[in-house]
Every structure is written in C-alpha cells, then in structure tokens.
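To keep things clear, I will list the structure first and then write my remarks on it.
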Amino acid sequence: MKIDAMVSGANLRDVQRLSPLFEQAGFDGIWFTEGGRTAYLSCAAAALATTRVTIGTGVAVAFPRSPMVTAQVAWELADATEGRFVLGLGTQVRAHIERRYSSAYERPGPRLRDYIRSVRAIWRAFQGDDKLDYRGEFYNFTMLGDTWTGGPIAHPDIPIYAAAVRPWMLRMCGAEADGVHVHPFHSRRYLDDVVRTSVDEGARRAGRRPESITLAVPIMSVVGDSNEELDRWRERARMQIAFYGSTRTYRGVFEVHGWHETSERLYESQRSGDLAAMRAAVTDEMLAVYAVESSWGELADAVIDRYHGAADRVIMYFAGTSDVTCVNNAFMTDGMTAAVVLLSLS
C-alpha cells in the first residue's frame, strides 16, 4: 500500500517549494486537485522540483478540455517526469460542467469512456505507433501533421485513473482505466461491497485482470495529540461529509449503511443555507464510519486497520496535507513522517 499526499489551492511557488518536502518525508505520490488552481500547472511545477514521487491530477475535469488538449499536456508531463505522471480524469457534476464551464454533460459515463479511448488513440499517434483515425460516439480525431504531434517520448504508457462513485462508472473504470480515483466520501463497506465488486466485474467482462486496476483512495482523517486538535479536525470532517452528502450523486454511500434519509435531509438543508442542520445531520457514528481518527503516533496503524486489502494507494485527503496553511503548520511532524514510513512497509 502506497501513501500519497493531496494538495489543493496552492500557488505555483508553494507547489515548487513544498513538493520536495513531501518527497523527503517519504510520500510515494502527490496528487493535485482542480479548485481555484489548474492541476496540470501544479503537476508541472512539482515535476521539475522532484525526482522520485508519482505526480498526478486528482482529478482534472475532463469535458471542458478537448481530448487533444488533455493528451498533449499529459504527454509533456510524462516526458518531464520521466514516466512518473498519472492522468486522473473526472466528469464533475452537471451544474459545474454546464453552468461554470459551458460545456456538454449529456451521458457523462459513456462520454468519459470515449474520452479515455480517444486520448489513448492520440498518444499512439504521437508515439508513431498508429495513424490518428479515431471515430467515437462523442469524439472524432482524424488529422495530426508532423508539426502538431508531441513526438515519441521515452515513457509513452501513461496511466489513466478515472473518478467514479456509482456502479456503472466503476465498471467502466475496470474495463477501460488503469486505476480508480475513489471519492473521499466513502466507507470500508462501500469500498468492499460497491467499489471493488463493480471494478472487478468491469475488468472481467473486458478480459482484464481485476488486480491490475489500482484503487487510489483519499481518506478523511481526524488526527491530533490534543482534544483541541482532534475537535478541530472532527468538525472539519463533519462539514466535509455534510457537503458531499448533500449531493444526491453520493446518496448510495449513506444507503449502504442504512442511512436512507440522510442525503435528502442534507440536500434540503444545503438548499436553505442551514449549515447548523447540515452539521447536526452527520452523527458521531457516521463520522467514525467515514473518517479515520487517531493520534499522530497511531495514524499508520489506524489507516492499515481500515484500508489493508481495500486500497492500493491511500491519499491523505486532509490531515494537514491538503492545503498550504496546514502543510506549513501541521504536516511536517515527526508523527506524520513516522506514519508514512510505517505505511510504506505495510
């Protein structure tokens, strides 16, 4: 099991400064999200500041960018990292794609499948293995002169991970992707009963080995050595669960535990702007199911207990690694460094 960091909202100078620190602490990879910053630019800054760690988008929004644009950027990052880059793609939700990006969202699952296939076809053309002649359901690419090709590179086999929550998309990942970016809002039961089962089914249908599909799992963690520190992270985790749970796409994560009405309550509270009600809807029992809680010294054991056999890569979604302020103030502790070492041996 590999242990990774996730970074969100850092400017490029901070990425350049912090990425070597993650590498020195023993992390296996660094994933960059797309919020107010561009994941690909962050990956470029990290690529030039590190030599060992995996660098990836976790995840980049697919549909607003042509597959040709994505393929070109990923190709350059694979070259710059000497094969350490992983392309992580996601659909986002309809409101963002249509209203924030003014892009098409219809049938997002099949559209992402076609996107992945077309990106790979473009890469084969870049490498000179095939002429570009991709004709898919949503995308068509039939022209690529020598002037516009990325040209052959030493590491052309770029892994693609796709974000997935529901069974159809998870099966698609098993059939088409090299890995799955599991959503941070999950439980061990959801991983076993829904994620792993669906991915394996998709892989077998496609004639692939299920164990060849990497599960990259961001974990919500509540870590501290004092009650004050633990309380602060509990409330942050509680609100993060409430935020994700208010989106109906994720209701299945509640329902697998029998909490059938929670998602609708959160949705209505979110619409009315009632943050107190959202916070109250996430009980301590739910918090224990969806977040890992421990002291810094016991973090490695807590993560291993929860995720051994269920995750190939665990990503510290937050325990001081997801934003610059927390990295500066809390991440580089002896406890975190020790946890990284112990997890790398698991």
Q) If you go through the range 201-241 one residue at a time, how many are part of a helix (DSSP H, G or I), in contact with a Lys or Arg (Cβ under 7 Å, 6 or more places away or on another chain) and farther than 24 Å from VAL180 by Cβ? A) 2
Q.
Report every pair of residues separated by at least 6 positions or lying on different chains whose Cβ atoms are under 6 Å apart, first residue within the range 153-171 and of a type in the set (A, V, I, L, M), second in a loop (DSSP other than H, G, I, E, B).
A. ILE160/ALA177; ILE160/ASP178; ALA162/ALA177; ALA163/VAL59; VAL165/HIS183
Q) Of (1) of a type in the set (A, V, I, L, M); (2) at pLDDT 85 or above; (3) within 19 Å of the chain's Cα centre (by Cα), ALA300 satisfies all except one. Which? A) (3)
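Do we find a residue being in contact (Cβ under 8 Å) with a residue 24 or more places away in the chain and either in contact with a His (Cβ under 9 Å, 6 or more places away or on another chain) or under 15 Å from GLY150 (Cα atoms) (or both) anywhere in the range 89-96?
Step one: of the range 89-96, the residues in contact (Cβ under 8 Å) with a residue 24 or more places away in the chain are 89-93, 96.
Cutting the leftovers down to either in contact with a His (Cβ under 9 Å, 6 or more places away or on another chain) or under 15 Å from GLY150 (Cα atoms) (or both) gives us 89-90.
Yes, the range 89-96 contains at least one residue that is in contact (Cβ under 8 Å) with a residue 24 or more places away in the chain and either in contact with a His (Cβ under 9 Å, 6 or more places away or on another chain) or under 15 Å from GLY150 (Cα atoms) (or both).
Yes/no per residue for (1) within 15 Å of VAL165 (Cβ to Cβ); (2) surrounded by 14 or more Cβ atoms within 10 Å (Cβ to Cβ); (3) of a type in the set (A, V, I, L, M):
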| position | (1), (2), (3) |
| --- | --- |
| GLU201 | no, yes, no |
| SER221 | no, yes, no |
| ALA242 | no, yes, yes |
| VAL253 | yes, yes, yes |
| HIS260 | no, no, no |
| GLN270 | no, yes, no |
| ALA277 | no, yes, yes |
Q: Can you run down the residue pairs with Cβ atoms below 6 Å, 6 or more apart or on separate chains, where the first is in the range 127-143 and small (Gly, Ala, Ser) and the partner is surrounded by fewer than 13 Cβ atoms within 10 Å (Cβ to Cβ)?
A: GLY128/PRO152
Q) Among (1) of a type outside the set (A, V, I, L, M); (2) part of a helix (DSSP H, G or I); (3) more than 28 Å from THR149 (Cα to Cα), where does CYS43 come up short? A) (3)
Q. What's the number of the condition SER103 fails, among (1) crowded, with 16+ Cβ neighbours inside 10 Å; (2) closer than 19 Å to MET169 by Cβ; (3) among the polar types (S, T, N, Q)?
A. (1)
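Listed here are the residues, each with its yes/no results for (1) modelled with pLDDT of 95 or more; (2) assigned by TED's automatic domain parsing to the domain that holds GLY273; (3) basic (Lys, Arg); (4) under 21 Å from the mean Cα position of the chain (by Cα).
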site	(1), (2), (3), (4)
THR214	yes, no, no, yes
VAL217	yes, no, no, yes
MET220	no, no, no, yes
GLU235	no, yes, no, no
GLN240	no, yes, no, yes
PHE243	no, yes, no, yes
SER246	no, yes, no, yes
ARG251	no, yes, yes, yes
HIS257	yes, yes, no, no
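MET143 - would you say it is in a loop (DSSP other than H, G, I, E, B), modelled with pLDDT of 95 or more and of a type in the set (A, V, I, L, M, F, W, C)?
yes
Here are VAL59, VAL93, VAL119, VAL86: which of them is more than 21 Å from ASN140 (Cβ to Cβ), in contact with a Ser or Thr (Cβ under 7 Å, 6 or more places away or on another chain) and crowded, with 17+ Cβ neighbours inside 10 Å? I'd like the intermediate steps shown before the answer.
On the way: VAL59 fails: in contact with a Ser or Thr (Cβ under 7 Å, 6 or more places away or on another chain); VAL93 fails: crowded, with 17+ Cβ neighbours inside 10 Å; VAL119 fails: more than 21 Å from ASN140 (Cβ to Cβ).
Only one candidate qualifies: VAL86.
The values are calculated or read from the model by the stated rules, or taken from the named source; none is laboratory data. Since the structure is predicted, the reported quantities are computational estimates derived from the model, not experimental observations. Methodologically, a virtual Cβ is constructed for each residue, glycine included, from the backbone with ideal geometry; neighbour enumeration extends over all protein chains shown.
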